[in-house]
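Accompanying notes for the structure given below.
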Amino acid sequence: MHLALKVDVDTYDGMQDGIPNFLKLFKELGIRASFYVPFGPDASGRAVFRVFRKKGFLKKMFRTNALKLYSLKTMLRGTLLPAPMIGSSFPQLAQDIEREGHEIGIHGYHHVEWQDHLPGMSEEKIRRHYELGISAFEKVMGKKPKAFAAPAWMITSASLGIQDSFGFKYASDTRGKHPFYPVVGGKQFKTLQIPSTLPTMDEMLAWDGVNIENFNAQLTLQMKALSLSTHVHSIHTEVEGTALFPVFSAWIRDLKRDGVEFVTLNEIADETLKNKNAPQTEVRMSNLPGRAGPVAVQI
Ligand SMILES: [Zn+2]
């Protein structure tokens, strides 16, 4: 089985604390992964206001112990505390990711704004998110990003249309089973999507019967149940990279021992583009078990 790890950075603290943990572990095990970083501001404190707007968010915060996962500082950023830049504050760390053989792309620009407001955004504002993300990446990495991963798997027909104009090699904005070209409401788009195939840790921990102790076994069961030859698993610097790093490390060591082969999303994209075998598939914003708020799902 092939497994690609999609590492999403959501916050300043996650970048600072989670990236070094992952880099050290991956180096030790000889694993290459794909990292997606928002180079713009960390306004995650604004997420606190979601409590009042989105049904189920408060319940999830308590069930997944999010109050422990996210420090008080993170929860106030962009509200009472200023919003520091995420990727742009750590050029060395961003460059280390690539230097150590991993790939790095952009995870939007302003994560919270995209997550909370994308459906109501003007086309001009959406374009601005892409432009700011690309130019901030370029400043640090000395080249344009090849890949885009939408914050919170949020897309609209407009965001995919504008994305096409930037010529990314691939995007990972969706959840699904295999690489595809997205179709929304009959409209076809041309940027290849490499979807995440597995539920995330914070989602699964909100399921009945799943807890920290049995989490790894449950996740492996999910992997086997789907019987795909290649999986893409999304992990977060704020969850698997810090608070639950020991649990994640144990899982990865087990997989490595069992002979799972680790690949990058870029390699999956190369293979798909070479074989020209990605179908056009409908995408819809849908609710997934354990998640507060809908995500883009390959139908
Ligand atoms: Zn994210």
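No value in this document is a laboratory result; all are computed from the given coordinates. If you're wondering where the values come from, they're calculated on a predicted model, not measured in any experiment. Neighbour counts are summed over all protein chains in view; Cβ atoms, including those assigned to glycine, are modelled from backbone coordinates with ideal geometry.
Over the chain, DSSP H runs of length four or greater, each weighted -39,500 (n - 2.57), average out per residue to a 222 nm ellipticity of -10500 deg cm²/dmol. When only the Cβ of Lys, Arg, Asp and Glu is charged (+1, +1, -1, -1), the dipole of the chain relative to its Cα centre reaches about 520 debye.
As a calculated quantity, the FRET efficiency between residue 282 and residue 164 at R0 = 22 Å, using C-beta atoms, amounts to about 0.85. Computed over neighbours whose Cβ is under 11 Å from that of residue 12, the net charge equals -3, Lys and Arg +1, Asp and Glu -1. Per the Debye formula on identical point scatterers at the alpha carbon atoms of the chain, with no solvent, log10 I(q)/I(0) at q = 0.07 Å⁻¹ is -0.23.
Compute the separation of the alpha-carbon centres of the stretch 235-299 and the stretch 1-26 and state it in Å as a whole number. Cα centroid of the stretch 235-299 versus Cα centroid of the stretch 1-26: 13 Å apart. Scalar couplings 3J(HN,Hα) for the stretch 273-289, obtained by applying the Karplus form with A = 6.51, B = -1.76, C = 1.60 to θ = phi - 60°, are 5, 5, 7, 6, 10, 7, x, 8, 9, 5, 10, 9, 6, 9, 8, 10, x Hz; x denotes Gly and Pro. Please report, to two decimal places, log10 I(q)/I(0) for the stretch 162-237 at q = 0.15, 0.19, 0.27 Å⁻¹ as given by the Debye formula with identical point scatterers on the Cα atoms and no solvent. One equal scatterer on each Cα of the stretch 162-237 leads to -0.63, -0.85, -1.25.
By the count of other C-beta atoms within 10 Å, a proxy for reagent exposure, 165, 249 are ordered fewest to most as 165, 249.
As a rough footprinting exposure proxy, the listed residues 126, 86 were ranked by other beta carbons within 10 Å of their own, and the order from fewest upward is 126, 86. Amide H contacts of residue 235: 6, 7, 8, each under 5 Å away and 5 or more positions distant or on a separate chain (H built 1.01 Å from N in the peptide plane; Pro and chain starts excluded).
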